[in-house]
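I have placed the structure first, in the form of structure tokens, so that the comments after it can refer back to it.
The values are calculated or read from the model by the stated rules, or taken from the named source; none is laboratory data. Because the structure is a prediction, the values reported are computed rather than measured. Backbone-built Cβ (ideal geometry, glycine too); neighbour counts: all protein chains shown. Heavy atoms of the whole protein, side chains included, go into the accessibility calculation; ligands, DNA and RNA do not. Shrake-Rupley method; radii C 1.70, N 1.55, O 1.52, S 1.80 Å.
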Amino acid sequence: MSGWRHALLGGAVAGLAAAPYAPAPPLAPGAALALSAAAALGLAAVRPRAPGRGAWPWLACLALAATVAGLVAGDARVAAIDRGAFAGAPGERVAVRGVVSGVPRPQQGLLLVPLETADGRLVVEAPPPDRDVRVGGEVRAEGVVREPAPWQAGRLRVGGVTRIVSADAIEPTGRSRGGVSGALDGVRDRAEAALERGVPGPEADLARGFVLGQDDRIDPATVDDFRRSGLAHLLAVSGQNVLLLALLAMPVLALLGVPLRARLVTVIALIAIYVPVTGAGPSIQRAAVMGAAGTAAVLAGRPSRRAYVLLLAAAVTLAVNPRAAADVGWQLSFAAVVGILLWARPLAALAARGRHDQLSPLRRGLADGIGVTVAATLATAPISAAHFETVSLASLPANLLALPAVAPVMWLGMLAAALGQAGAIPVEPLNWLCSLLVAYIAQVAHWFGTPGWASAPVAAPGPAALAGIGTALVAAGALGARALARRARLRGGRAAWRPLAGLGAVLAVALLVPLPAGPGATAAKPSHGLTVTAVDVGQGDAILLDPDPGDPVLVDTGPPGTDLPADLAERGVERLAAIVLTHDQSDHAGGLAAVLRAIPAGGVLQAGAGREVRALARAAGAEARAVAAGDSFRAGALRLRVVWPPPAAAGRPSPGADPNQRSIVVLARWHSFDALLTGDAEAEAAPLDPGPLDLLKVAHHGSEDAGLPALLDRTDPRLALISVGAGNPYGHPHPSTLAALEAAGVPVARTDLDGAVELTVTREGASVTG
């Protein structure tokens with residue numbers, strides 16, 4: 001009877017996953033573990049000898065004992081992780097020195113570096129240094145301690161981090177850690193260097209992401225293409241990638257005459273070798289465990305064995321870190337493997353038109369790859385919707401089109417990384433072929449990530465709704481897969497596409513139909529698309545971008561002493577996704593403190609964010625970020641991309657420099673609607689060519705601008721907006737600016753004449769009120 005194994009593992013997984021959220025056990029850990037062990041042994045002694053109804057009470061008690069043990073063990077593990085966290089007081093200025101423990105992440109002009117220090121784990125945020133910051137290298141920094149912003153806290157706490165040090169600079173010391181970790185760092189460094197030999201920079205950066213899970217050097221626009229096209233899982237090694245690699249290796253081993261059991265052992269051995277070659281980071285370890293479990297589960301003959309392997313993988317990963325269950329990467333990997341377990345085989349049989357066992361090994365491998373890709377895509381869609389509030393409509397076709405190149409890229413990359421451990425062996429031919437395949441995948445991501453229909457915003461389901469969706473998908477998948485497999489066997493696959501299409505349609509409708517509101521929920525406001533409001537703040541700028549769904553973004557906060565917070569409250573603004581300060585002058589940033597006191601904000605973005613802005617943001621629990629051309633961020637379906645100033649000009653201004661010349665310019669895009677928000681960056685000083693525009697916010701309150709006529713020729717805006725105060729002493733807007741707009745035939749809206757100007761944008765068009 002194997003049910004007791006499933007009961008033990010299932011209970012242990014439940015207890016480990018619940019440990020971070022459960023109250024402290026009433027018993028001492030040792031006593032509780034001893035009690036659970038005694039209960040398990042006692043139950044084992046009296047277990048039924050044959051399966052049947054009498055077995056269920058025994059199995060339930062066994063699962064309960066395992067759950068208690070999981071809770072106690074998980075609580076002890078969480079406490080151990082938390083004891084390793086840096087605990088400096090917020091606002092304290094500290095000097096830290098430590099070893100880089102994870103891949104540094106660029107974020108809106110700063111570099112976020114996870115550190116292991118003598119005083120505990122923390123993250124340092126600072127401008128990128130001149131030298132590379134590598135995993136395993138020692139760095140030092142000096143800065144102010146702060147708590148993570150609410151949108152950061154959960155993700156950082158998974159890794160046992162509760163504090164961030166905001167530093168002006170981070171300096172590599174040139175030293176590295178030693179021991180086993182240092183040896184693995186050296187292996188990863190040699191693998192990284194090998195992947196970069198003989199190929200262009202963009203392809204080398206993508207290869208690092210595909211093979212080593214290091215996506216920190218990839219261009220943000222490329223990352224956005226991969227995210228919107230549903231291919232983002234390729235940029236960070238996941239259980240799905242490892243599993244796909246393993247399954248597509250099986251036909252090659254079959255061609256070599258390797259028996260089935262030996263193939264399985266060989267593939268799992270290859271996965272075990274892959275972990276140290278890539279540096280053995282936590283995400284790589286998790287991906288390897290999930291990939292090996294998925295491989296064994298898919299090849300296992302009986303469903304009970306597949307479930308056992310899956311539960312074992314979950315128990316192993318959660319025993320290392322019980323908070324991993326809250327990590328989106330863990331959830332996506334686990335969901336992908338569950339979907340593969342339920343659906344991959346029948347979907348592969350359908351792709352093979354019912355002749356799976358009669359195909360050549362390579363064609364069978366392709367059919368298996370299709371089954372794995374479709375199953376993983378469907379299984380992970382609800383989790384992606386819950387975390388990112390979008391559903392990638394391009395995910396399935398993009399993944400299928402990229403499928404033939406994914407495994408060869410991983411094989412070639414792994415081989416180059418392994419050969420690179422001996423520096424004398426040339427790997428350039430392998431890298432050249434790999435770069436062609438990487439470029440092809442990047443092109444697929446661009447094809448499917450660029451169109452406006454690539455992703456659709458959805459309301460994020462709550463935990464109960466998400467659990468209901470997951471249960472429904474598992475049940476529908478199990479029943480549908482069985483029916484599809486039976487029909488494929490009966491019809492030889494000739495009509496198999498019909499039930500498959502029906503299942504796909506049902507799943508798509510289930511994901512896209514909004515969930516009913518629960519008791520006491522307020523009715524959602526009707527979707528209006530995007531509202532762009534130039535708030536009348538006198539001689540200054542304050543432009544509100546409010547997408548539906550999604551939190552609004554405020555570009556500039558006007559001068560001090562205005563009623564901007566009350567105005568935002570009247571417009572229903574309860575939270576801001578971000579505040580963008582185009583530059584640090586009072587008519588654009590003077591109202592920041594008042595806005596932050598009244599309305600919570602996820603972040604404050606500014607070119608070369610200064611100490612005062614960072615202090616105000618920290619006091620309000622917001623994130624202060626320096627941004628420059630090339631940075632981008634989202635709020636619902638609204639995408640904002642910084643197009644000026646260039647990174648070299650975004651730092652601290654030189655004495656006497658005109659701050660307007662480094663004013664941030666943002667290109668805001670909502671589906672096919674484009675708006676250029678120029679701050680005070682006049683066209684003669686900031687040469688831009690963003691393409692045709694729907695809305696141009698005229699720079700510097702309509703001041704004289706010799707470059708404006710050329711900008712109007714390049715962009716042909718449908719509406720120009722001038723944010724300016726009535727009767728201002730500067731003569732804004734300048735007559736030459738108004739003449740240029742009139743000559744170009746561009747209608748103008750002005751806050752000095754019209755008050756607040758509101759532009760309502762829908763998919764059908766736009767309308768202006770003022």
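Per-structure values
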| item | result |
| --- | --- |
| Cβ crowding within 10 Å averaged over residues, with 597-603, 157-163, 66-72 ranked highest first | 66-72, 157-163, 597-603 |
| Carbon plus sulfur fraction of accessible area for the stretch 121-210, probe 1.4 Å, in percent | 52 percent |
| Linear extension gain, residue 183 paired with residue 716, 0.36 nm per residue minus alpha-carbon span | 186.0 nm |
| Inter-label distance for residue 153 and residue 446, nm, one decimal - labels placed 7 Å from Cα along Cα-to-Cβ | 4.2 nm |
| Rounded if a/c under 1.5, otherwise prolate or oblate - the stretch 670-759, Cα gyration tensor axes | oblate |
| Surface accessible to a 1.4 Å probe, per residue, for the residues of the stretch 661-770, Å² | 43 Å² |
| Net lengthening on full extension, residue 265/residue 422 (0.36 nm per residue, minus Cα-Cα) | 53.9 nm |
| Proximal charge balance of residue 552 [Cβ under 10 Å; K/R count +1, D/E count -1] | -2 |
| Inter-label distance for residue 256 and residue 619, nm, one decimal - labels placed 7 Å from Cα along Cα-to-Cβ | 6.6 nm |
| Residue-span extension gain [residue 566 to residue 684] - 0.36 nm each, minus C-alpha spacing | 38.9 nm |
| Most to least packed among 726-736, 376-386, 393-403 [average Cβ atoms within 10 Å] | 376-386, 393-403, 726-736 |
| Whole-Å semi-axes of the stretch 179-225's equivalent ellipsoid (Cα gyration tensor) | 23, 13, 6 |
| Amide H partners (placed H, <5 Å) of residue 636, local residues excluded | 551 |
| Global geometry of the stretch 68-136, whether rounded, prolate or oblate, following the gyration tensor of its Cα atoms and the 1.5 cut on a/c | prolate |
